[in-house]
Amino acid sequence: MKINVGVIFGGRSVENEISVITAVQTMAAMNADKYNVIPIYISKEGHWYTGQKLLSTDNYRDMNALLKSVEEVYLRPVYGDNRLYRVHKPLLGSNVVATIDVILPALHGTSGEDGSFQGTIEFTGIPYACPNPLASANGMDKITMKMILKESGIPVVDYCWFSDKEWLAERQATIERVESKLPYPLIVKPANLGSSVGIKAVHNREELTQAVENAVTYSKRIIVETLIEQLKEINCSVLGNYYHCQASVCEAPVRSGEILSYEDKYLGGGKNKPSEGMHSTVREIPARLPEQTTEFIRSTACRTFKALGCDGVSRIDFMIDQSTGKIYVNEINTIPGSLSFYLWEASGISFPELIDRLIDIAFQRKRDSDFKITSYSENIFAYQALHGTKTGGAKR
């Protein structure tokens, strides 16, 4: 029998459109002899939909028409219920649209890659092919991620961070704290966004102020890092789970400015050509690097993946300071654009095979979790010592 795969994408995120591209690429690459594809689009307003018209990016040009032509659905947060339900139940027939054997998330950014979606799916018990809520949250938040990696002995650039409330209440003191710790030039980032959204390079206090003003409109926590001026960016994907994984070949994306921008990533073919997500990026694969450097990056990518407790496929982005030769981990993308299929194709693994492996990893994690103790059979309320107490503790 075929496996019913729910591909979930879109979401309440600034990366909604990029997620659509990733999902459509993924669904087109899935082996129709093995899988029944169930597309599930989450709108920018947070409503869930399914229907065959979600399979083509052309249909997303008119969102109002698209959403009228598909069916609004939901999953119940009840463990063991893997059914997808219609919001508008018909007078006759079932309100179940489909059953889902496994979920393949193609979500990017907030409310999808940050652990909130994964936590929702944990309530259902349906296997899913991406990191769990904790790994997702830690990977999404650039501050927490850097803390964990630094503690694990994995190199990251110098940084400092603050909240939007600190900025609003103590702007001058916050600026002085940043300047006392880090010399210009700097790079300002919202802590929990991807796709280079809200990121600015700054060279003085005026630019720093403007960049933070922009960043706080996206996130409640802001990170400021040392900007590497003689920068070479390298990306490497990792596939597997927290105890066994492998690294892809490395790539060198081509940037148009001081940082790799949203346009560099998704409009590499020009604004007059349709975007192919991260596949649109102008890049060098494999990256022309000394063998020793390549192996250091690939091994560090696996160490990063394991330190954060990841599963599925991720992309780890590195920075090489060409003035010193030092290599730093910049960030991890726990659900990377286009699922990094182009890196795995260059590594000898086709996109359909990558999907097979992701689904296998999802089922394996579910089998592993089923062996863990999640509750005790004893009912503490049945013990005599607890009777008559308000707090649940023993009488004194």
query: When the stretch 115-174 is examined, which residues are found to be under 19 Å from Ser314 (Cα atoms), under 16 Å from the mean Cα position of the chain (by Cα) and of a type in the set (S, T, N, Q)?
result: Ser116, Gln118, Asn132, Ser136, Asn138, Thr144
query: Does Tyr60 qualify as being closer than 24 Å to Arg357 by Cα, out of contact with any Gly (no Cβ under 9 Å at 6 or more places or on another chain) and of a type in the set (Phe, Trp, Tyr)?
result: no
- request: Could you grab me the full set of residues in the stretch 10-36 that are buried (at least 21 other Cβ atoms within 10 Å of the Cβ) and either over 17 Å from Phe341 (Cα atoms) or free of Cβ contacts under 8 Å to residues at least 40 places away in the same chain (or both)?
  value: Gly10, Gly11, Ser13, Glu15, Asn16, Val24, Met27, Tyr35
- request: Six or more apart or on different chains, Cβ under 8 Å: which pairs go from a residue in the stretch 345-364 that's over 15 Å from Val238 (Cα atoms) to one that's assigned to a helix (DSSP H, G or I) and modelled with pLDDT of 95 or more? Could you list them?
  value: Pro352/Ala29
- prompt: Restricted to the stretch 37-51, and to residues that are touching a Gly at 6+ places or on another chain (Cβ under 9 Å) and not hydrophobic (A, V, I, L, M, F, W, C), which residue is surrounded by the fewest Cβ atoms within 10 Å (Cβ to Cβ)?
  reply: Gly46
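Quick grid of which residues meet (1) under 25 Å from Tyr218 (Cβ atoms); (2) within 25 Å of the chain's Cα centre (by Cα):
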| residue | (1), (2) |
| --- | --- |
| Phe9 | yes, yes |
| Ala28 | no, yes |
| Asn31 | no, yes |
| Lys34 | no, no |
| Ser43 | yes, yes |
| Gly46 | yes, yes |
| Val78 | no, yes |
| Leu84 | no, yes |
| Leu92 | no, no |
statement: All conditions in (1) closer than 30 Å to Glu295 by Cα; (2) out of contact with any Pro (no Cβ under 9 Å at 6 or more places or on another chain); (3) modelled with pLDDT of 95 or more are true of Ala252 except (2)
task: Report yes if some residue within the stretch 113-123 is touching a Phe, Trp or Tyr at 6+ places or on another chain (Cβ under 9 Å), of a type outside the set (A, V, I, L, M, F, W, C) and assigned to a loop (DSSP other than H, G, I, E, B); otherwise report no.
output: no
task: Look through Ser369, Ser375, Ser340 and report the one residue that is under 25 Å from Met140 (Cβ atoms), small (Gly, Ala, Ser) and either in the same structural domain as Ile21 (by TED's automatic domain parsing) or at pLDDT below 95 (or both).
output: Ser369
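Here is a yes/no grid of residues against (1) touching a Pro at 6+ places or on another chain (Cβ under 6 Å); (2) in a helix (DSSP H, G or I); (3) among the aliphatic types (A, V, I, L, M):
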{"site": "Gln25", "(1), (2), (3)": "no, yes, no"}
{"site": "Asp33", "(1), (2), (3)": "no, no, no"}
{"site": "Tyr49", "(1), (2), (3)": "no, no, no"}
{"site": "Leu66", "(1), (2), (3)": "no, yes, yes"}
query: Taking the stated definitions as given, is Gly269 modelled with pLDDT under 60 and surrounded by fewer than 16 Cβ atoms within 10 Å (Cβ to Cβ)?
result: yes
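The values are calculated or read from the model by the stated rules, or taken from the named source; none is laboratory data. Since the model is a prediction, treat every value here as computed from it, not as a measurement. When we count neighbours, we look across all protein chains shown, and the Cβ atoms used for this are built from the backbone with ideal geometry, even at glycine.
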